[in-house]
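Reviewing the structure listed below.
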Amino acid sequence: MKSSIATVSISGTFEEKVSAIAAAGFDGIEIFESDLLAYTGSPRHAGALVRDAGLDITLFQPFRDFEGLPEPQRGRALDRAKYKLDLMAELGTDLMLICSSVSPDAMGGIDRAADDFRELGEIASQRGLRVGYEALAWGRYVNDHRDAWEIVRRADHPNVGLVLDSFHTLARGTDVDTIRAIPGDKIFIVQLADAPRFSMDMLYWSRHFRNMPGQGELPVVDFMRAVQATAYDGPLSLEIFNDQFRGASPETTARDGHRSLIYLMDQVQRQESSGTIDTGPLPAPVRAEGFSFVEFAADESLSADIREILEVLGFEKAGTHISKQVELWRQGAINIVINGDPGGQARQVFEKYGVAVCDIGLLVDNAEATAERAKGLLANPFSQPVGPGELSIPAIHGVGDSVLHFLDDTLADVWAIEFGAPNQGVSTPGVGLTRIDHIAQTMAYEEILTWTLFYKSIFGMVQAPMLDVIDPGGLVRSQAVHNADRTVSFTLNGADDRRTFAGEFAQRSGSAVQHIAFETQDIFATARALRKNGFEPLKIASNYFDDVQARFGLEDEMISRLRELNVLYDRDGDGEFFQLYSRSWPNGFFFKIVERRGRYVGYGAPNAIFRLAAQKRRRASDMGAAA
């Protein structure tokens, strides 16, 4: 099927929108009337601009408040329609969308509306054009695709068809299987949008919170499966009203849109085949099974500082690269790489941001297939020269300036070959850190939907509910994504306010990893071992522990241990969560140590406000001491 997107879905001028949509790989474009009216050229020139970019104009929209009007309003509506049809002919498209009326003058009645559309269909046919009828979820009389289809059916005109929009159907909870009875040739276009589930006015929800398929919580896959059952073979077009997208890069939004359509159809095809075979050009999602390594970019001088921090955290040096200034440090199943080599991607990241996480390695079933799926979903492949004796490891660009490498069983010898270190097994127990629990990536708020879709579409990750994190300087939105058994988890933290701790970090480091959470099986034993190593924890206000005891009814002995070691506590159902934080680096990066007991599946979000207040106090103290 051909892909299309409405100009209203992305930011920019008409010219910028056309350029971004073409560059993202779409086949067509819906022209929203306001974009055309704001364009300084003629409709004919606008159409030529679109076609010169290699795009078709799939639709012109919207035409409002047409059907069911009394005279003289009905005659004026037909005159308006004739004008728009003539404009369409000049523009060079053959389809206009008419949305169901919200006019207070409109009168109900299926037959009355059908008569109106039959007459309009005849007018359109004289110009070689078509009109499509869409049921708005908030339409006065018609707000359900079943009623819209009945009007189109009774109009019984070849130039009058149905427009299906996933948001209008799914937002009202309409049974999508009712679509299956509609003849595919009477569906003139299918528009797609997802959205988070909110309880609010339908119109406001639609105009501000739609997003790309796969970025929300509506069953768009079920909707599309029903559409496929009709044998519809026309364009799939995105119509997204979203405040974030209106201020975001048009290139990024358009690319996300194209990725979402590829991902959607991949899901549909796999469900239709019961998920047992590969369908189409994409390899099946390859599950990320764990974190293989995290790599820090540094220079020779600052590499010494990272070594010192890792030693305090209980890590030991396990090997040195055969040809580069790169070291491997280990504890439990955790591999930390310090890259101080003067060449390559790591040095570029260091020169731009200073010490920072530049690379994350993911353990997967099939590294090559993961890279191929990622490229098929429009991820940018990454490569750099491979030196003597090194392995070629598939990789793509990730968040910000970082890279994601993929390692499978065929690449299991990388540590022995490149670092002279054992490939398998658990290293020294250190202070009891066993694995990476999760990695937190900070970014502008507008990027969260982009990277949520990235992780879901490529790795089949699960999207947790978005949370609001209260910072003393403002609000941070946090979105977690994880694999099925939570052996790989990312928290995506969106910060637009520079006064927040996350916002300050983003100003210095761009979109990047802000903290790494290590898991331990005994937070108190780990905290005491760290103390012996000279670890200085983040100091938590005493009032916090008094409140924890009151909220959770903890014993005095437990509260005493929490207070003594600056460990934060949370409980969810029958699960418990313990958190211990390091001091922050000058750029705002920090380490976190956690213990999970029972079935706790969150990330300690209720404690974020207390942690952030402590981090800001510490920063203010450090700045005062420096002054």
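Please enumerate the residues belonging to the range 106-141 that are more than 42 Å from the chain's Cα centre (by Cα), of a type outside the set (K, R) and more than 16 Å from A81 (Cα to Cα).
Answer for the range 106-141, where residues must be more than 42 Å from the chain's Cα centre (by Cα), of a type outside the set (K, R) and more than 16 Å from A81 (Cα to Cα): M107, G109, D111.
Let me confirm something: among M265, M212, which residue is crowded, with 19+ Cβ neighbours inside 10 Å, aliphatic (A, V, I, L, M) and out of contact with any Lys or Arg (no Cβ under 9 Å at 6 or more places or on another chain)?
The conditions single out M265.
Only strands (runs of 3 or more DSSP E) wholly contained in the range 324-398 count here; list those with 1 or more residues that are in contact with a Cys (Cβ under 9 Å, 6 or more places away or on another chain).
The qualifying strands (runs of 3 or more DSSP E) are 334-339.
Do we find a residue being under 16 Å from A541 (Cα atoms), of a type in the set (S, T, N, Q) and in contact (Cβ under 8 Å) with a residue 40 or more places away in the chain anywhere in the range 581-591?
yes
G460 passes all but one of (1) modelled with pLDDT of 95 or more; (2) touching a Pro at 6+ places or on another chain (Cβ under 7 Å); which number fails?
Only one criterion is unmet by G460, namely (1).
Assigned by TED's automatic domain parsing to the domain that holds T253, within 30 Å of E251 (Cα to Cα) and loosely packed, with under 15 Cβ neighbours inside 10 Å: is that true of R51 in this structure?
Answer is yes for this residue.
In the list F60, F66, which residue meets the criterion of being farther than 22 Å from A20 by Cβ, of a type in the set (F, W, Y) and either over 31 Å from the mean Cα position of the chain (by Cα) or outside any helix (DSSP H, G or I) (or both)?
F66
Take the range 309-360 and flag every residue that is of a type in the set (F, W, Y), buried (at least 19 other Cβ atoms within 10 Å of the Cβ) and in contact (Cβ under 8 Å) with a residue 24 or more places away in the chain.
Listed by number, the residues that qualify are F315, F350.
Checking the condition β-branched (V, I, T) and in contact with a Leu (Cβ under 6 Å, 6 or more places away or on another chain), which residue from T520, T500 passes?
T520
What is the number of the single condition among (1) assigned to a helix (DSSP H, G or I); (2) crowded, with 20+ Cβ neighbours inside 10 Å that I540 does not meet?
It is condition (1) that I540 fails.
Identify, by number, the condition in (1) closer than 26 Å to M1 by Cα; (2) free of Cβ contacts under 8 Å to residues at least 60 places away in the same chain; (3) not basic (K, R) that D115 doesn't meet.
(1)
Residue under question is S19, and the condition is that it be modelled with pLDDT of 95 or more and either aliphatic (A, V, I, L, M) or assigned to a strand (DSSP E or B) (or both); does it hold?
no
Inspect all residues belonging to the range 140-151 and state whether any of them is among the charged types (D, E, K, R) and in contact with an Asp or Glu (Cβ under 7 Å, 6 or more places away or on another chain).
no
Of the residues in the range 321-357, how many are of a type in the set (S, T, N, Q) and over 21 Å from G510 (Cβ atoms)?
The qualifying residues number 4.
Which condition breaks for A613 when tested against (1) part of a loop (DSSP other than H, G, I, E, B); (2) of a type in the set (A, V, I, L, M); (3) touching a residue at least 40 places away in the same chain (Cβ under 8 Å)?
(1)
Can you pull out every residue in the range 217-244 that is out of contact with any Gly (no Cβ under 9 Å at 6 or more places or on another chain), over 20 Å from D177 (Cβ atoms) and either buried (at least 23 other Cβ atoms within 10 Å of the Cβ) or not assigned by TED's automatic domain parsing to the domain that holds D175 (or both)?
E239, N242, listed by residue number.
Here are the criteria: (1) among the aliphatic types (A, V, I, L, M); (2) closer than 24 Å to R477 by Cα; (3) buried (at least 19 other Cβ atoms within 10 Å of the Cβ). Tell me which single one L562 does not satisfy.
Of everything listed in (1) among the aliphatic types (A, V, I, L, M); (2) closer than 24 Å to R477 by Cα; (3) buried (at least 19 other Cβ atoms within 10 Å of the Cβ), L562 misses just condition (2).
Where residues in the range 282-307 are closer than 20 Å to L362 by Cα and in contact with a Phe, Trp or Tyr (Cβ under 8 Å, 6 or more places away or on another chain), which of them is surrounded by the fewest Cβ atoms within 10 Å (Cβ to Cβ)?
Looking at residues that are closer than 20 Å to L362 by Cα and in contact with a Phe, Trp or Tyr (Cβ under 8 Å, 6 or more places away or on another chain), I get R287.
Would you confirm, using the coordinates I've provided, whether I98 is closer than 21 Å to G132 by Cα and more than 31 Å from the chain's Cα centre (by Cα)?
For I98, the condition - closer than 21 Å to G132 by Cα and more than 31 Å from the chain's Cα centre (by Cα) - is met.
Has the range 376-395 got at least one residue that is in contact (Cβ under 8 Å) with a residue 40 or more places away in the chain, crowded, with 22+ Cβ neighbours inside 10 Å and either β-branched (V, I, T) or assigned by TED's automatic domain parsing to the domain that holds Q331 (or both)?
no
Restricting to the range 508-536, count the residues that are surrounded by 21 or more Cβ atoms within 10 Å (Cβ to Cβ) and either outside the structural domain of V462 (by TED's automatic domain parsing) or in a helix (DSSP H, G or I) (or both).
5
The values are calculated or read from the model by the stated rules, or taken from the named source; none is laboratory data. Since we're looking at a predicted model, the values are computed, not measured. Because the Cβ atoms are built from the backbone with ideal geometry, glycine has one as well, and the counts that use them run over all protein chains shown.
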